[in-house]
Amino acid sequence: SQVTVTWTPSTTHVMVGNPMYYGSFYDTTDQTNAGATSVNKMTLNTTDLAYGVSIVSNSRITIANTGIYNLQFSAQVFKTSGGTSKIDIWLCKNGSNVANTNTELQLDGNNHGTVAAWNFFVNAVAGDYFELCWSSADTSVRLDYTAAQSSPTRPAIPSLIVTVQKIG
(Lines give C-alpha, C1' and ligand atoms only; values in the text may rest on other atoms or scores of the structure.)
Protein backbone atom coordinates (compact mmCIF):
# COMPACT_ATOMS: atom_id res chain seq x y z
CA SER A 1 0.00 0.00 0.00
CA GLN A 2 1.26 3.48 -0.90
CA VAL A 3 1.64 6.06 1.90
CA THR A 4 1.79 9.76 0.96
CA VAL A 5 2.62 12.46 3.51
CA THR A 6 2.56 16.19 2.73
CA TRP A 7 3.31 18.93 5.20
CA THR A 8 2.90 22.70 5.28
CA PRO A 9 3.25 24.98 8.32
CA SER A 10 -0.52 24.82 8.83
CA THR A 11 -1.50 21.27 7.75
CA THR A 12 -0.29 17.71 7.50
CA HIS A 13 -1.93 15.24 5.11
CA VAL A 14 -1.39 11.47 5.37
CA MET A 15 -2.91 9.22 2.72
CA VAL A 16 -2.76 5.45 2.57
CA GLY A 17 -3.33 3.99 -0.89
CA ASN A 18 -3.65 5.98 -4.08
CA PRO A 19 -3.85 9.72 -3.31
CA MET A 20 -7.31 11.14 -3.98
CA TYR A 21 -7.02 14.76 -5.02
CA TYR A 22 -10.00 17.12 -4.82
CA GLY A 23 -11.22 20.69 -4.78
CA SER A 24 -14.41 22.52 -3.86
CA PHE A 25 -14.74 26.15 -4.99
CA TYR A 26 -17.39 28.84 -5.40
CA ASP A 27 -17.88 32.48 -6.41
CA THR A 28 -19.61 35.27 -4.48
CA THR A 29 -20.02 37.84 -7.25
CA ASP A 30 -22.35 38.53 -10.16
CA GLN A 31 -20.50 37.53 -13.33
CA THR A 32 -21.53 39.80 -16.17
CA ASN A 33 -21.40 39.31 -19.91
CA ALA A 34 -18.42 41.18 -21.41
CA GLY A 35 -20.16 41.57 -24.77
CA ALA A 36 -22.35 39.98 -27.39
CA THR A 37 -19.38 38.32 -29.13
CA SER A 38 -17.17 37.78 -26.06
CA VAL A 39 -16.03 34.53 -24.51
CA ASN A 40 -16.52 34.82 -20.75
CA LYS A 41 -14.50 32.71 -18.30
CA MET A 42 -16.42 31.65 -15.20
CA THR A 43 -14.56 32.81 -12.10
CA LEU A 44 -14.11 31.35 -8.64
CA ASN A 45 -13.10 33.56 -5.70
CA THR A 46 -13.38 31.15 -2.76
CA THR A 47 -11.75 27.80 -2.00
CA ASP A 48 -13.79 25.67 0.38
CA LEU A 49 -11.60 22.54 0.48
CA ALA A 50 -8.74 21.53 -1.77
CA TYR A 51 -5.88 19.07 -2.04
CA GLY A 52 -3.99 18.85 -5.33
CA VAL A 53 -6.47 21.07 -7.19
CA SER A 54 -6.36 24.88 -7.11
CA ILE A 55 -7.72 28.01 -8.77
CA VAL A 56 -5.16 30.13 -10.65
CA SER A 57 -5.92 33.57 -12.15
CA ASN A 58 -9.53 33.37 -10.84
CA SER A 59 -10.74 31.01 -13.60
CA ARG A 60 -8.16 28.25 -14.12
CA ILE A 61 -9.01 25.01 -12.34
CA THR A 62 -5.47 23.68 -12.09
CA ILE A 63 -4.59 20.02 -11.59
CA ALA A 64 -1.31 19.27 -9.77
CA ASN A 65 -1.29 15.49 -10.33
CA THR A 66 -1.86 13.32 -13.40
CA GLY A 67 -5.11 11.35 -13.48
CA ILE A 68 -8.73 11.21 -14.55
CA TYR A 69 -10.94 13.74 -12.75
CA ASN A 70 -14.65 14.41 -12.43
CA LEU A 71 -15.23 18.16 -12.83
CA GLN A 72 -18.74 19.21 -11.79
CA PHE A 73 -20.35 22.62 -11.72
CA SER A 74 -23.57 24.47 -11.14
CA ALA A 75 -24.04 28.03 -12.38
CA GLN A 76 -26.93 30.36 -11.52
CA VAL A 77 -27.80 31.75 -14.97
CA PHE A 78 -30.02 34.85 -14.94
CA LYS A 79 -31.45 37.30 -17.47
CA THR A 80 -32.51 40.88 -16.66
CA SER A 81 -34.36 41.85 -19.84
CA GLY A 82 -37.40 40.67 -21.78
CA GLY A 83 -37.52 38.40 -24.79
CA THR A 84 -35.77 35.11 -25.42
CA SER A 85 -32.02 34.69 -25.05
CA LYS A 86 -29.56 31.84 -25.31
CA ILE A 87 -26.39 31.06 -23.41
CA ASP A 88 -23.68 28.61 -24.49
CA ILE A 89 -21.48 26.92 -21.87
CA TRP A 90 -18.43 24.79 -22.68
CA LEU A 91 -15.13 23.50 -21.35
CA CYS A 92 -11.60 24.70 -22.25
CA LYS A 93 -8.38 22.84 -21.49
CA ASN A 94 -5.10 24.75 -21.36
CA GLY A 95 -6.73 27.67 -23.22
CA SER A 96 -8.31 25.64 -26.05
CA ASN A 97 -11.94 24.64 -26.52
CA VAL A 98 -12.64 20.97 -25.76
CA ALA A 99 -14.55 19.38 -28.66
CA ASN A 100 -18.19 18.41 -28.11
CA THR A 101 -18.54 20.04 -24.67
CA ASN A 102 -20.87 22.95 -25.54
CA THR A 103 -24.44 23.09 -24.30
CA GLU A 104 -26.96 25.80 -25.21
CA LEU A 105 -29.69 26.92 -22.80
CA GLN A 106 -32.64 29.19 -23.53
CA LEU A 107 -33.90 31.87 -21.13
CA ASP A 108 -37.38 33.31 -21.64
CA GLY A 109 -38.54 36.68 -20.30
CA ASN A 110 -37.38 39.32 -17.86
CA ASN A 111 -35.85 38.13 -14.56
CA HIS A 112 -35.74 34.53 -15.73
CA GLY A 113 -33.17 32.24 -14.18
CA THR A 114 -32.11 28.64 -14.39
CA VAL A 115 -29.35 26.43 -13.07
CA ALA A 116 -26.83 25.02 -15.51
CA ALA A 117 -25.34 21.95 -13.85
CA TRP A 118 -23.41 19.07 -15.31
CA ASN A 119 -20.08 17.30 -15.10
CA PHE A 120 -17.16 16.32 -17.29
CA PHE A 121 -14.70 13.44 -16.94
CA VAL A 122 -11.31 14.90 -17.90
CA ASN A 123 -7.92 13.34 -18.46
CA ALA A 124 -5.22 15.59 -16.98
CA VAL A 125 -1.48 15.60 -16.64
CA ALA A 126 0.22 17.55 -13.87
CA GLY A 127 -0.09 21.28 -14.61
CA ASP A 128 -3.13 21.10 -16.90
CA TYR A 129 -5.88 23.64 -16.28
CA PHE A 130 -9.54 23.74 -17.20
CA GLU A 131 -11.88 26.71 -17.57
CA LEU A 132 -15.65 26.90 -17.82
CA CYS A 133 -16.52 29.31 -20.64
CA TRP A 134 -19.77 30.95 -21.65
CA SER A 135 -21.20 33.39 -24.14
CA SER A 136 -24.52 35.03 -24.93
CA ALA A 137 -25.52 37.54 -27.60
CA ASP A 138 -27.69 39.17 -24.88
CA THR A 139 -25.59 41.33 -22.54
CA SER A 140 -28.34 41.14 -19.89
CA VAL A 141 -27.45 37.46 -19.30
CA ARG A 142 -25.17 36.89 -16.31
CA LEU A 143 -24.21 34.44 -13.60
CA ASP A 144 -26.08 35.64 -10.53
CA TYR A 145 -24.97 35.74 -6.88
CA THR A 146 -27.66 36.07 -4.17
CA ALA A 147 -26.73 37.05 -0.61
CA ALA A 148 -28.03 35.14 2.42
CA GLN A 149 -31.74 35.69 2.99
CA SER A 150 -34.16 35.71 5.91
CA SER A 151 -37.75 34.70 6.66
CA PRO A 152 -36.79 31.90 6.63
CA THR A 153 -33.03 32.18 7.13
CA ARG A 154 -31.14 30.53 4.29
CA PRO A 155 -27.59 30.66 2.97
CA ALA A 156 -26.24 32.68 0.06
CA ILE A 157 -26.43 31.31 -3.48
CA PRO A 158 -23.02 31.41 -5.21
CA SER A 159 -23.02 32.39 -8.87
CA LEU A 160 -20.87 29.30 -9.52
CA ILE A 161 -20.00 26.15 -7.57
CA VAL A 162 -17.31 23.76 -8.82
CA THR A 163 -16.14 20.46 -7.38
CA VAL A 164 -13.31 18.35 -8.76
CA GLN A 165 -12.20 14.91 -7.62
CA LYS A 166 -9.70 12.40 -8.93
CA ILE A 167 -11.45 9.20 -9.99
CA GLY A 168 -8.63 7.30 -11.64
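The values are calculated or read from the model by the stated rules, or taken from the named source; none is laboratory data. Keep in mind that this is a model prediction, so the values were computed, not measured. Cβ sites come from the backbone with ideal geometry, for glycine too, and all protein chains shown count toward neighbours. These area figures cover heavy atoms from the full protein model, side chains too; ligands, DNA and RNA do not enter into them. Shrake-Rupley method; radii C 1.70, N 1.55, O 1.52, S 1.80 Å.
To the nearest Å, what is the center-to-center distance of the stretch 50-106 and the stretch 111-162, using C-alpha atoms only?
Value for the Cα centre distance between the two parts: 8 Å.
Leaving out ligands and nucleic acids, note down the accessible area per residue over the stretch 94-168 with a 1.4 angstrom probe, in whole Å².
Working: 3930 Å² over 75 residues.
That works out to 52 Å² per residue.
Sort Tyr21, Tyr145 by heavy-atom solvent-accessible area, probe 1.4 angstrom, most to least. Write out the running numbers ahead of the final one.
On the way: Tyr21 30, Tyr145 65 Å².
Reading off the accessible areas and sorting them downward yields Tyr145, Tyr21.
Name the lysines eligible as straight-distance cross-link partners of Lys93: C-alpha to C-alpha under 23 Å, and not fewer than 8 places from it in the same chain.
By straight Cα distance, Lys93 reaches Lys41, Lys166.
Taking the simple approach of a point 7 Å from Cα along Cα-to-Cβ for both Thr80 and Ala117, what is their distance in nm?
Inter-label distance under the simple model: 2.5 nm.
Put Trp134, Trp7 in order of accessible area, largest first, 1.4 Å probe: what do you get? All intermediate terms of the calculation are to be shown ahead of the outcome.
Working: Trp134 0, Trp7 175 Å².
Listed by decreasing accessible area, they come as Trp7, Trp134.
Would you please give the FRET efficiency between Ala148 and Ala50, computed as 1/(1 + (r/R0)^6) with r the Cβ-Cβ distance and R0 = 25 Å, to the nearest 0.05? Display every interim value, and only then the final one.
Values: r = 23 Å, r/R0 = 0.94.
Given R0 = 25 Å and the Cβ-Cβ separation, E is 0.60.
Hey, any idea what % of the chain's accessible area is carbon plus sulfur with a 1.4 Å probe?
Working: 4410 of 8630 Å².
Using a 1.4 Å probe with all protein chains present, the chain comes out at 51 percent carbon and sulfur.
If the only charges are +1 at each Lys and Arg Cβ and -1 at each Asp and Glu Cβ, what is the size of the charge dipole of the chain around the Cα centre, to the nearest 20 debye? Working shown, then result.
Values: 8 positive and 10 negative charges, 41 e Å.
Roughly 200 debye, rounded to the nearest 20.
Restricting things to alpha carbons, tell me how big the chain is in terms of Rg and Dmax, in Å.
Both quantities, over Cα of the chain: 17.6, 59 Å.
Towards the positive end of the charge dipole of the chain, with charges on Cβ (+1 Lys, Arg; -1 Asp, Glu), say which of Ala124, Ser74, Asn45 has the farthest Cα.
Ala124
Could you report the accessible area of Ile55 in Å², rounded to 10, computed with a 1.4 Å probe on the protein chains as they sit in the structure?
40 Å²
Whose amide H sits under 5 Å from the amide H of Thr66, counting only residues 5 or more places off or on another chain, with H placed in the peptide plane?
Ala126
Given a Förster distance of 35 Å, report the FRET efficiency between Asn70 and Asn110 from their Cβ-Cβ distance, rounded to the nearest 0.05.
0.45
Using θ = phi - 60° and the Karplus form 6.51 cos²θ - 1.76 cosθ + 1.60, what ³J(HN,Hα) does each residue of the stretch 33-47 get, whole Hz, x for Gly and Pro?
7, 6, x, 4, 10, 8, 8, 9, 9, 5, 10, 9, 10, 9, 9
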